[in-house]
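Below: the structure, in structure tokens.
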Amino acid sequence: MFQTFETTSNPAAGAARLAMLRAELARRGLDGFLIPRADAYQGEYVAPRDERLQWLTGFTGSAGFCVVLPDVAGVFIDGRYRTQVKSQVDLARFTPVNWPETWPGDWIAGHLDRGTIGFDPWLHSEDEIARLKETAGSGITLLPVDGNPVDAIWQDQPGPPQGRAFAHPVALAGESGAAKRARLAAVLRAEGQHAAVLTLPDSLCWLLNIRGADVPRNPVLHGYGILHDDARVSLFADPAKFDAATRAHLGPEVALAPPDAFPAALDALTGPVRLDRSFAPVALRQRLEAAGIAIVWGDDPCRLPKACKTEAEIAATRGAHLRDGAAMVEFLCWLDTEAPKARLTEIDVVRALEGFRRATNALHDISFDTICGAGPHGAVIHYRVTEGTNRRLGRDELLLVDSGGQYVDGTTDITRTIALGDPGDQARMAFTRVLQGMIAISRARFPRGLAGRDLDPLARAALWLAGQDYDHGTGHGVGAFLSVHEGPQRISRLSEVPLEPGMILSNEPGYYREGQFGIRIENLIVVQAAPDLPGGDDRRQYCFETLTFVPIDRRLIDVAMLSPGERTWLNAYHAETLAKLSPRLSAGARAWLEQAAAPL
């Protein structure tokens with residue numbers, strides 16, 4: 001099993017750890033400290049060594065941060081985690097703070113008139129600290145510190161990850177590493193920049209056509225890179241992670257050196273040097289400024305090219321989704337047989353689903369720990385079942401299963417909400433509204449230049465008309481055998497990045513009633529050029545191709561609520577699912593799918 005079920009949150013330890021941290025801060029003359037869920041590479045996912053937020057507070061979510069002050073410690077969480085955080089932190093010691101509705105600077109100003117707040121300059125970007133300074137008030141000083149105070153008191157902190165690096169085939173990438181380096185170096189030269197510093201793990205892996213194993217579930221490598229304007233790359237990563245074949249794959253224009261050589265390499269650069277304000281750690285700006293090297297702020301040059309997948313990547317991803325879809329159908333067939341026996345628990349379901357994916361003999365890892373929430377657990381948006389929370393599947397309730405696989409040819413992410421008996425009319429109507437939102441995104445046709453924020457309302461319209469909504473984005477970007485959450489593309493109220501052909505995104509509206517149930521339906525989609533329409537204007541438009549093919553539970557649909565167009569889309573989707581997956585299924589699963597994909 002890739003997934004485990006131990007309890008990693010320990011609220012009971014929070015009080016003692018918080019007291020130790022405050023004592024360490026007092027020893028250093030600090031009035032407070034920022035603890036992000038981040039590492040020195042600024043990726044979304046972190047290794048166990050860097051789980052400082054979890055170690056201190058007990059909160060295990062994939063986003064958030066803590067601000068420790070003398071008399072209060074705020075744990076800032078977004079809408080995905082507002083139910084989860086209540087059960088994971090000691091609420092007598094830590095105060096959940098809704099973010100981004102409340103900005104940390106404003107919160108600090110409300111609790112501290114004057115003082116010095118420390119931060120680790122390797123764990124925060126320039127943008128983060130600049131926004132904090134703007135709102136924290138004139139009496140607050142933000143001070144970068146050497147040596148993280150949490151590390152000083154974390155006695156059993158894990159060591160750095162030692163996952164091996166390996167080559168990603170050009171046939172799947174669709175472009176060689178040399179071609180990518182040359183393409184991006186030309187951009188640097190055109191903008192008068194001599195180098196760009198790269199820290200994001202998936203940027204490095206994409207640029208060099210390599211993968212790694214330094215964070216759970218996502219095949220990325222920890223390291224720093226300097227892309228020079230002559231297309232050379234200086235890569236700073238543990239050489240022990242690279243065997244001879246992977247070093248040969250990198251080629252002679254990629255120089256590998258250990259991480260401790262990185263600071264001296266920065267000092268030796270000739271400016272201007274490009275840094276991304278959103279991701280480059282503050283420590284990089286400090287080092288370059290101290291060396292007198294000119295800095296130019298600009299986007300990580302890999303992010304947008306990485307997001308726009310090649311034809312080879314899209315073709316490979318289609319194959320991965322069909323393989324994964326067949327495993328999902330085998331699982332759903334099994335679930336429909338076993339659930340009525342009233343013996344299954346959430347852990348049983350997670351184990352079975354991973355087993356069906358493993359049976360493909362192509363699973364590299366799961367994309368993330370499977371979210372399997374029965375009844376009220378479905379309302380915990382990023383619920384992770386443990387031995388302590390494991391719940392038996394009940395009768396007449398909903399089961400939400402959000403999962404995915406990492407395959408060498410693609411990354412999958414799919415959510416299905418399943419009826420266990422008859423969950424009632426209120427759940428059925430809410431499910432149908434969520435389905436209407438998912439269909440609206442799937443059918444969308446939109447002019448070039450629109451961003452995710454422009455499409456996000458389409459997914460919410462049916463819920464809004466019923467006075468309902470959900471507190472997460474409608475879709476995130478997805479990598480090609482890389483991170484299951486990938487930027488800069490997303491479908492969200494906050495997204496201003498125009499959608500472009502080749503971008504893969506999730507399409508996952510939802511609805512949640514705390515203590516009762518959760519609903520989410522998710523397919524992955526890819527942006528493509530829309531075909532011309534008779535009588536249409538002469539302007540470029542885009543649409544989405546659906547990548548995920550797994551039936552949607554017809555037992556939860558109030559058919560009378562669907563428009564003719566929505567019904568037509570769903571029937572066509574199910575017919576295509578049946579045609580694509582039937583040859584890949586066992587006889588029993590094929591018979592089940594014929595019923596599950598029958599027309600409405």
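Give me a count of the residues in segment 490-540 that are among the hydrophobic types (A, V, I, L, M, F, W, C), surrounded by 12 or more Cβ atoms within 10 Å (Cβ to Cβ) and assigned to a strand (DSSP E or B).
Matching residues across segment 490-540 total 9.
Between a residue in segment 583-600 that is crowded, with 20+ Cβ neighbours inside 10 Å and any residue that is at pLDDT below 95 and not polar (S, T, N, Q), which pairs come within a Cβ distance under 8 Å, given they are 6 or more apart or on different chains?
Note: no pairs meet the criteria.
What are the residues in segment 465-503 that are polar (S, T, N, Q) and in contact with a Gly (Cβ under 6 Å, 6 or more places away or on another chain), if any?
Listed by number, the residues that qualify are 489, 492, 495.
Select from segment 239-266 the residues that are over 11 Å from residue 167 (Cα atoms) and touching a Leu at 6+ places or on another chain (Cβ under 8 Å) and list them in ascending order.
239, 241, 254, 255, 256, 257, 266
Give just the number: which of (1) under 24 Å from residue 318 (Cα atoms); (2) open to solvent by 10 Å² or more (accessible area, probe 1.4 Å) does residue 438 not satisfy?
Here residue 438 meets the rest and fails (2).
Given the conditions (1) part of a helix (DSSP H, G or I); (2) at pLDDT 95 or above; (3) of a type outside the set (Val, Ile, Thr); (4) open to solvent by 40 Å² or more (accessible area, probe 1.4 Å), report the number of the one that residue 134 does not fulfil.
Just one mismatch for residue 134, condition (2).
Go through segment 153-168 and give me each residue that's in contact (Cβ under 8 Å) with a residue 24 or more places away in the chain and open to solvent by 50 Å² or more (accessible area, probe 1.4 Å).
Within segment 153-168, 160, 162, 164 meet the criteria.
Does residue 331 satisfy the condition of being without any contact (Cβ under 8 Å) to a residue 40 or more places away in the chain and of a type in the set (Phe, Trp, Tyr)?
yes
Having 3 or more residues that are under 30 Å from residue 219 (Cβ atoms) is the bar; report the strands (runs of 3 or more DSSP E) wholly within segment 370-476 that clear it.
Counting at least 3 such residues, we get 371-374, 397-403, 405-407, 414-420.
Taking residue 10 and the conditions (1) surrounded by fewer than 21 Cβ atoms within 10 Å (Cβ to Cβ); (2) polar (S, T, N, Q); (3) under 24 Å from residue 518 (Cβ atoms), which numbered condition does it fall short on, given that it satisfies the others?
Condition not satisfied by residue 10: (3).
Report the residue count in segment 328-357 for those that are basic (Lys, Arg), in a helix (DSSP H, G or I) and out of contact with any helix residue (DSSP H, G or I) (no Cβ under 9 Å at 6 or more places or on another chain).
Final tally of qualifying residues: 2.
Quick check on segment 78-113: of everything there that is touching a residue at least 40 places away in the same chain (Cβ under 8 Å) and among the basic types (Lys, Arg), which residue is most open to solvent (accessible area, probe 1.4 Å)?
This residue is 93.
The values are calculated or read from the model by the stated rules, or taken from the named source; none is laboratory data. A quick note: this is a predicted structure, and the numbers were derived from the prediction, not measured. A quick note on method: Cβ atoms are made from the backbone with ideal geometry, for glycine too, and the neighbour counts reach across all protein chains shown. Heavy atoms of the whole protein, side chains included, go into the accessibility calculation; ligands, DNA and RNA do not. Shrake-Rupley method; radii C 1.70, N 1.55, O 1.52, S 1.80 Å.
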